[in-house]
């Protein structure tokens, strides 16, 4: 195995949003054995890098659910998918006044409108996750003109409602668009990205860039937005705490995120067991 694409939240990150010293050692060991470990997340590059910058062997990141691939050392964007301006503005306009927290992803960063963060904390996502995500997001007064004029090319929307019933109603609105994809990263939040953008497409791009066969890849995840890469990779692994929909697609089930499941998979990869 040559590439290990590993989701962060609920997978490599423990419940308290930390990465264990054992996981860091296994990533280093994998790198020393010519295995490219790629953090593969719905987060922005900035948020991913905050978590993994102290880990040896991190050369690439897949962010915004596969909409962005970034060179971790130079911050050069190597691959990018964005919404049509009209679609981005219509989604933004719809969600802006509906009592939801939302973040808009552009290049290597994510942005939110000041005051909306209180809606994020009011939901059922843990305070640890809210604190962690907001620590790298950029607050602005308004995103209206930036999105409407196309100045900000949006690669992803992250939306969280305090009332989970509102997510179902919002999903009905999204069904009117054929040029988007969406999925639930948690039962309380929905992530929207352009059609044609997915973690599997980003992983395919990296395979071609690095000269690695798809058969020589492992993908590890926990959420609905990981299904594409789980299906695509040579070996798809769901952590024990994963959503049942992902487990049904996986080739194997590994230990959970609080048991350092991805690190244990990396250890087996280095040993030649996978």
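The values are calculated or read from the model by the stated rules, or taken from the named source; none is laboratory data. What you see is a predicted model; the values in this text were computed from it and never measured. As a convention, Cβ positions derive from the backbone with ideal geometry for all residues, glycine included, and neighbour counts pool all protein chains shown.
Okay, residues lined up against (1) in a helix (DSSP H, G or I); (2) at pLDDT 95 or above; (3) closer than 25 Å to residue 233 by Cα; (4) in contact with a strand residue (DSSP E or B) (Cβ under 9 Å, 6 or more places away or on another chain):
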residue	(1), (2), (3), (4)
4	no, yes, yes, yes
74	no, yes, no, no
78	no, yes, yes, yes
86	yes, yes, no, no
90	yes, yes, no, no
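Can you tell which of 235, 203 is surrounded by 21 or more Cβ atoms within 10 Å (Cβ to Cβ) and at pLDDT 95 or above?
Values: 235 fails: surrounded by 21 or more Cβ atoms within 10 Å (Cβ to Cβ).
From the options 235, 203, the qualifying one is 203.
Could you grab me the full set of residues in region 244-267 that are modelled with pLDDT under 95, under 21 Å from residue 203 (Cα atoms) and out of contact with any strand residue (DSSP E or B) (no Cβ under 7 Å at 6 or more places or on another chain)?
Within region 244-267, the subset modelled with pLDDT under 95 is 244-246.
Within this subset, residues satisfying the condition of being under 21 Å from residue 203 (Cα atoms) are 245-246.
Answer for region 244-267, where residues must be modelled with pLDDT under 95, under 21 Å from residue 203 (Cα atoms) and out of contact with any strand residue (DSSP E or B) (no Cβ under 7 Å at 6 or more places or on another chain): just 245.
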Task: Test: residue in region 234-254 that is in a helix (DSSP H, G or I), in contact (Cβ under 8 Å) with a residue 60 or more places away in the chain and assigned by TED's automatic domain parsing to the domain that holds residue 7 - done: no
TODO: Report, by residue number, each residue of region 177-200 that is at pLDDT 90 or above and out of contact with any helix residue (DSSP H, G or I) (no Cβ under 9 Å at 6 or more places or on another chain).
DONE: 178, 195
Task: Some residue of region 115-122 being assigned to a strand (DSSP E or B) and touching a strand residue (DSSP E or B) at 6+ places or on another chain (Cβ under 7 Å) - done: no
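If you take the residues in region 26-46 that are part of a helix (DSSP H, G or I), within 28 Å of residue 213 (Cβ to Cβ) and in contact (Cβ under 8 Å) with a residue 60 or more places away in the chain, which one is nearest to the chain's Cα centre (by Cα)? Full working, then the answer.
Residues of region 26-46 that are part of a helix (DSSP H, G or I), as a first pass: 26-32, 45-46.
Next cut, within 28 Å of residue 213 (Cβ to Cβ) only: 26-32, 45.
Of the ones still in play, those that are also in contact (Cβ under 8 Å) with a residue 60 or more places away in the chain are 26-27, 29-30, 45.
Values: 26: 21, 27: 19, 29: 24, 30: 21, 45: 10 Å.
Result: 45.
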